[in-house]
Amino acid sequence: RDLSSGINAEYGGDLVKIELGVHIDGYAAVTAHTLVVGATPEQPATGVKADAILAAHNAAEAALRLIKAGNTNVQVSEAIQKITDSYKCTPLEGMLSYQIKRYQTEADTDKQIVLNPSEAQKKEVKDIEFAVHEVYAMDVFITSGSGKTKEYNTTTTVYRRTEEVYQLKMKASRAFYSDVTNRFTLMPFTIRAFEEETKARMGLKECVTHELLQAYPVQQDGDGVPVAQFKYTVLVVPNGNIRINGGLFDTATCKSEHKIEDKAILDLLAQSANRKAGGKKKKKKAKSAAAEAVTEAAEQS
């Protein structure tokens with residue numbers, strides 16, 4: 001639905017996904033959140049919507065505890081599969097989580113986490129190990145349906161520039177593409193960013209036809225059932241990781257008849273998501289020991 005005018009009472013009970021991304025000089029941070037309009041701890045969402053949302057939330061939280069130096073994408077995928085099975089749900093086929101580098105999106109890196117990979121992806125995706133100082137966009141899509149996707153019948157509004165080369169024929173196309181190149185580099189953009197949207201769309205078609213621009217069409221579950229999404233950006237650091245956005249979700253707003261019973265997964269989710277502050281504690285202890293030594297020396301003199 002078009003929520004440009006805000007969310008009000010007429011959307012009560014709708015499942016809504018909000019996704020945002022920003023970049024500074026090519027270094028991006030992305031996040032996404034799912035909610036059911038009007039759901040509260042007193043009147044929680046139930047049924048397949050609650051199943052998908054709780055499965056997606058717990059899957060994202062489990063991934064956060066596993067994206068650490070020395071762990072692998074296989075560990076993340078296996079944990080998420082166990083969680084979605086618990087809620088009788090399925091990861092949306094082929095959805096990517098990926099390493100973020102400057103001016104790079106999901107298509108530009110070999111370090112990926114693929115949930116419910118397609119047959120083609122099973123042959124292409126590599127087993128990877130997370131390393132210190134890497135940055136990842138962890139993106140979890142969970143559905144109560146089959147997990148197969150199809151394009152939603154709506155107008156595509158988000159695109160990004162590719163590295164293809166083609167001499168555009170139409171003047172409107174050349175002017176539009178020049179504007180895209182100057183304003184958005186290789187990062188995704190929305191057609192709404194152009195003051196004259198109708199004029200921009202005139203130049204858009206030729207650019208997409210000749211693959212100068214890649215479209216990001218809206219996808220839906222093939223069965224037409226709800227899809228929940230949680231997404232965050234996480235930095236891998238020597239003593240764990242740092243989630244720099246996302247994570248604000250009240251699980252009491254959803255109530256499912258299913259629950260996680262796998263002990264290993266429950267133990268994983270029970271772990272603190274905060275990184276260890278070992279270095280600071282050691283430094284504090286060292287200062288304390290030094291102070292005690294000075295005091296003891298003074299007393300002896």
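The values are calculated or read from the model by the stated rules, or taken from the named source; none is laboratory data. The structure displayed is predicted, hence computed values, not measured ones. Positions of Cβ are generated from backbone atoms using ideal geometry, with glycine treated the same way; all protein chains shown enter the neighbour counts. To get the accessible areas, we keep the full protein, side chains included, count just its heavy atoms, and leave off ligands, DNA and RNA. Shrake-Rupley method; radii C 1.70, N 1.55, O 1.52, S 1.80 Å.
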Subject >> Out of Val227, Val180, Val236, sole residue that is β-branched (Val, Ile, Thr), open to solvent by less than 40 Å² (accessible area, probe 1.4 Å), more than 30 Å from Lys88 (Cα to Cα) and touching an Asp or Glu at 6+ places or on another chain (Cβ under 6 Å) >> reply: Val236
**OP:** Within segment 114-155, count every residue that is within 17 Å of Lys231 (Cβ to Cβ) and aliphatic (A, V, I, L, M).
**Re:** 7
**OP:** Scan segment 249-261 and report the pairs whose first residue is touching a residue at least 24 places away in the same chain (Cβ under 8 Å) and whose second residue is among the aliphatic types (A, V, I, L, M) and surrounded by 15 or more Cβ atoms within 10 Å (Cβ to Cβ), with Cβ atoms within less than 6 Å and a gap of 6+ or a chain change.
**Re:** Thr253/Ala39; Cys254/Ala45; Cys254/Ala50; Cys254/Ile53; Cys254/Leu54; Lys255/Ala50; Ser256/Ala50; Ser256/Leu54
Original post:
For Val140, are the conditions met, namely being outside any helix (DSSP H, G or I), in contact with a His (Cβ under 9 Å, 6 or more places away or on another chain) and at pLDDT 90 or above?
Top reply: yes
**OP:** Would you tally the residues in segment 116-137 being touching a helix residue (DSSP H, G or I) at 6+ places or on another chain (Cβ under 6 Å) and either open to solvent by less than 60 Å² (accessible area, probe 1.4 Å) or not acidic (Asp, Glu) (or both)?
**Re:** 1
Subject >> Scan of segment 239-258 for residues that are crowded, with 18+ Cβ neighbours inside 10 Å and either modelled with pLDDT of 95 or more or in a strand (DSSP E or B) (or both), ordered by number >> reply: Gly240, Asn241, Arg243, Thr253, Cys254, Ser256
Original post:
Taking interchain pairs and intrachain pairs at least six residues apart, which have beta carbon atoms under 6 angstrom, with the first residue in segment 214-230 and on the phi > 0 side of the Ramachandran plot and the second buried (at least 22 other Cβ atoms within 10 Å of the Cβ)?
Top reply: none
**OP:** Please name all residue pairs, on different chains or six or more residues apart, with Cβ atoms under 7 Å, provided the first residue is in segment 121-143 and is closer than 19 Å to Gln104 by Cβ and the second residue is assigned to a loop (DSSP other than H, G, I, E, B) and open to solvent by less than 30 Å² (accessible area, probe 1.4 Å).
**Re:** Gln121/Gly94; Phe130/Ile67; Val135/Ile100; Tyr136/Ile67; Tyr136/Ile100; Ala137/Ile100; Met138/Ile67
**OP:** Give the residue, chosen from Asn58, Asn71, that is modelled with pLDDT of 95 or more and buried (at least 22 other Cβ atoms within 10 Å of the Cβ).
**Re:** Asn58
**OP:** Would you confirm whether any residue within segment 277-287 is modelled with pLDDT under 95, surrounded by 10 or more Cβ atoms within 10 Å (Cβ to Cβ), more than 22 Å from the chain's Cα centre (by Cα) and under 26 Å from Gly147 (Cβ atoms)?
**Re:** no
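Per-residue answers, yes or no, for (1) over 26 Å from Ala62 (Cβ atoms); (2) in contact with a Phe, Trp or Tyr (Cβ under 7 Å, 6 or more places away or on another chain); (3) part of a strand (DSSP E or B); (4) open to solvent by less than 60 Å² (accessible area, probe 1.4 Å):
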| residue | (1), (2), (3), (4) |
| --- | --- |
| Arg192 | yes, no, no, no |
| Gly203 | yes, yes, no, yes |
| Val208 | yes, no, no, yes |
| Glu211 | yes, no, no, no |
| Tyr232 | no, no, yes, yes |
Subject >> Among the candidates Lys169, Lys150, residue that is in contact (Cβ under 8 Å) with a residue 24 or more places away in the chain, in contact with a helix residue (DSSP H, G or I) (Cβ under 8 Å, 6 or more places away or on another chain) and surrounded by fewer than 13 Cβ atoms within 10 Å (Cβ to Cβ) >> reply: Lys169
**OP:** Give the residue that is most open to solvent (accessible area, probe 1.4 Å), with candidates limited to residues of segment 10-43 that are among the hydroxyl-bearing types (Ser, Thr, Tyr) and assigned to a strand (DSSP E or B).
**Re:** Tyr27
